[in-house]
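Asks: Would you mind keeping the following structure in view while I ask a few things?
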Amino acid sequence: GAGVSQTPSNKVTEKGKYVELRCDPISGHTALYWYRQSLGQGPEFLIYFQGTGAADDSGLPNDRFFAVRPEGSVSTLKIQRTERGDSAVYLCASSLTSLAGDTQYFGPGTRLTVL
Amino acid sequence: AQSVAQPEDQVNVAEGNPLTVKCTYSVSGNPYLFWYVQYPNRGLQFLLKYITGDNLVKGSYGFEAEFNKSQTSFHLKKPSALVSDSALYFCAVRDRDDKIIFGKGTRLHILP
């Protein structure tokens, strides 16, 4: 079956611009997670959704970052006024539920480069 | 607060030899432990997890991991390494009501 997909695979933007990153989870998965992975580091949690609501957004670094999941399926991570420090790979994952033992399945990521 | 440590940045193993990638963790409650593998320019692929039950967990591609509560460790193992096992490996831990935390990763090099 189809896995988690993310678009675009690469995004190059200029400092100060607005970007949107999209995630399509595995069909039927109610939980969706966003992570950021910098070079040489493990994924760092940003936010997760259970259904349409953000259950935990404690990892969002500041108010320039925002994410939505209006219909409980596709999610969009939005970054306003991008900074060079936002350059990273943004990973999305989904799981059947948000229970701690449920496996999270990852998409291939979006590589964001802010010039 | 929960945490996870992968003490080795890189592990080199000759093809055919057994391999171990180390992971230690700290959580306040019972841990949920995961191993993922990442190939270049790819997302993370799930290998195995420990939830409860047998301390030895078997996963994909012949990998296994042993949960050791007294040593708070969850080392990844494989009896005979393949060159194709060369990749970046991440250990992760999650507490019941908390988010998942990933280690920094260990790069595994299997030498032909």
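Asks: Suppose all protein chains stay in the model; what accessible area per residue would a 1.4 Å probe give for the protein assembly as shown, in Å²? Display every interim value, and only then the final one.
Replies: Working: 10930 Å² over 227 residues.
Roughly 48 Å² per residue, with all protein chains present.
Asks: Using a 1.4 angstrom probe and counting only protein chains, how large is the accessible area of A:Val12 in Å², to 10?
Replies: 90
Asks: Quick one: ranking B:Arg42, B:Arg96 by accessible area, 1.4 Å probe, largest first, what do you get?
Replies: Details: B:Arg42 130, B:Arg96 150 Å².
The most accessible residue leads, giving B:Arg96, B:Arg42.
Asks: Using alpha-carbon pairs under 8 Å, 6+ residues apart, how would you state the relative contact order of chain B in percent?
Replies: Working: 279 pairs, mean separation 42.0, N = 112.
About 38 percent, as a whole number.
Asks: Any idea what the relative contact order of segment B:41-105 is, in percent, if you count C-alpha pairs under 8 Å spaced at least 6 apart? Working shown, then result.
Replies: Values: 65 pairs, mean separation 10.9, N = 65.
Averaging sequence separation for qualifying contacts and normalising by length gives 17 percent for segment B:41-105.
Asks: Leaving out ligands, DNA and RNA, what percent of the accessible area of segment B:59-111 is carbon and sulfur, probe 1.4 Å?
Replies: Details: 1150 of 2350 Å².
Percent of accessible area from carbon and sulfur atoms in segment B:59-111: 49.
Asks: So how exposed is B:Asp85, as accessible area in Å² (1.4 Å probe, rounded to 10)?
Replies: Taking all protein chains as shown, B:Asp85 has close to 10 Å².
Asks: Chains B and A: how much accessible area gets covered up at their contact, both sides added, probe 1.4 Å, in Å² to the nearest hundred? Please list the in-between numbers first.
Replies: Values: alone 6350 and 6170 Å², together 10930 Å².
Counting both chains, the buried surface is close to 1600 Å².
Asks: Between segment B:3-67 and segment A:26-67, what's the alpha-carbon centroid distance in Å?
Replies: So the two Cα centres are separated by 22 Å.
Asks: Using a 10 angstrom cutoff on alpha carbons, build the Gaussian network for chain A and name the most mobile of A:Gln41, A:Gln104, A:Gln80.
Replies: It is A:Gln41.
Asks: Here's another thing I want to ask about it. Using the Karplus curve 6.51 cos²θ - 1.76 cosθ + 1.60 with θ = phi - 60°, what ³J(HN,Hα) values do you get for each residue of segment A:53-59, in whole Hz, with x for Gly and Pro?
Replies: Per residue, the Karplus-derived 3J(HN,Hα) values read x, 6, 7, 7, 10, 5, x Hz.
The values are calculated or read from the model by the stated rules, or taken from the named source; none is laboratory data. Bear in mind the structure is a predicted one, so any value in this text is a computation, not a measurement. When the accessible area is computed, the model is the full protein with side chains, heavy atoms only, and any ligands, DNA or RNA have been set aside. Shrake-Rupley method; radii C 1.70, N 1.55, O 1.52, S 1.80 Å.
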